1. Consider the stretch 61-85. How many of its residues are farther than 15 Å from A221 by Cβ and open to solvent by 80 Å² or more (accessible area, probe 1.4 Å)?
2. From the list Y186, Y203, Y212, exactly one residue is farther than 22 Å from L92 by Cα and part of a strand (DSSP E or B). Which is it?
3. What's the number of the only condition in (1) touching a Phe, Trp or Tyr at 6+ places or on another chain (Cβ under 7 Å); (2) assigned to a helix (DSSP H, G or I) that V223 fails to meet?
4. Considering the stretch 1-28 alone, what residues qualify as being of a type in the set (D, E, K, R), assigned to a loop (DSSP other than H, G, I, E, B), closer than 17 Å to H185 by Cα and under 22 Å from the mean Cα position of the chain (by Cα)?
5. Being hydrophobic (A, V, I, L, M, F, W, C) and modelled with pLDDT under 95 is the filter; apply it to the stretch 102-119 and report the residue that is surrounded by the fewest Cβ atoms within 10 Å (Cβ to Cβ).
6. Would you confirm whether or not the stretch 128-146 contains a residue that is over 29 Å from H167 (Cα atoms) and either in contact with a Cys (Cβ under 9 Å, 6 or more places away or on another chain) or open to solvent by less than 80 Å² (accessible area, probe 1.4 Å) (or both)?
7. Looking at the stretch 208-228, which of its residues are under 17 Å from L57 (Cβ atoms) and open to solvent by 10 Å² or more (accessible area, probe 1.4 Å)?
8. Of everything in the stretch 32-57, what is surrounded by 15 or more Cβ atoms within 10 Å (Cβ to Cβ), over 16 Å from A221 (Cβ atoms), out of contact with any Pro (no Cβ under 8 Å at 6 or more places or on another chain) and not hydrophobic (A, V, I, L, M, F, W, C)? Give them in sequence order.
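The values are calculated or read from the model by the stated rules, or taken from the named source; none is laboratory data. This is a predicted model, so every value here is computed, not measured. Positions of Cβ are generated from backbone atoms using ideal geometry, with glycine treated the same way; all protein chains shown enter the neighbour counts. The accessibility values were calculated without ligands, DNA or RNA, using every heavy atom of the protein model including side chains. Shrake-Rupley method; radii C 1.70, N 1.55, O 1.52, S 1.80 Å.
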Amino acid sequence: PDPWAQFFSDTPVVEIKDNKKGPWIYRDKDISITIKILVRNKGRENYVAEIHTRGPLPMNGFADARKYRTTKRPWYIARANRAVLGVTADYLTWKTNKKGVMIRNGKVYYDKKDSDTLAILPSGELKLYNKGKVTADQLLKLGVKDSYSFGPWLVRDGKVNPALTKHRLNNANSRCSIGMVEPGHYFFVVSRNVTLVQHAQIYLELGCKVAYNMDGGNSSAMVFMGEQINEKIY
């Protein structure tokens, strides 16, 4: 028996209960997405997307695959890539940002040691690497086709990163991140005006064993069926 059969549908299903309050739901035979608003940290709204997949988590899309310096609004990128769900990830061309290992579709863009790295293994496991602890060649040998370089990591083995309290990015800000309960069961969370520690605590509440901070700030976005559902800050 398939323990996750309830989450999938042989024919695609789209449900939006309320355009402003949700939930927002999508299901097909391979992926299930349910987005809800979770109110925490003195009434702040967190947009939480719970995902179940029957295969590897598909995660990639550029503003312009031919011109990597191009920037576009998150909803534009989601529409261009025909994504059911879109969130901001890392920033490929931000030269001032310290980089780790960044791979897209098996192509290496950065192989550096200055940021924590998140890799998606062929099994669907999200694997965290502290900065300087992995190379692009090592990840490619593991079959990794996509890795992300922003960070820091938020949760590992079900525990919050103890270094977050002193991290240079810990001040309250908009956040975007990804977490994993187990391979095939993931969460994306987009929050506004929270610290890294507060953001990480949400993943513990959701039961995630792993969580990683993506590019946040004013560009933080969650897009469903081509429409940005969290408040546009920019």
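1. Total satisfying the criteria: 4.
2. Being farther than 22 Å from L92 by Cα and part of a strand (DSSP E or B) holds for just one of Y186, Y203, Y212, which is Y186.
3. All conditions are met except number (2).
4. D28, the sole residue that qualifies.
5. For the stretch 102-119, the residue satisfying everything is V108.
6. Checking the stretch 128-146: at least one residue is over 29 Å from H167 (Cα atoms) and either in contact with a Cys (Cβ under 9 Å, 6 or more places away or on another chain) or open to solvent by less than 80 Å² (accessible area, probe 1.4 Å) (or both).
7. Hits for the stretch 208-228 are K209, V210.
8. Hits for the stretch 32-57 are S32, R40, N41, E50, H52, T53, R54.
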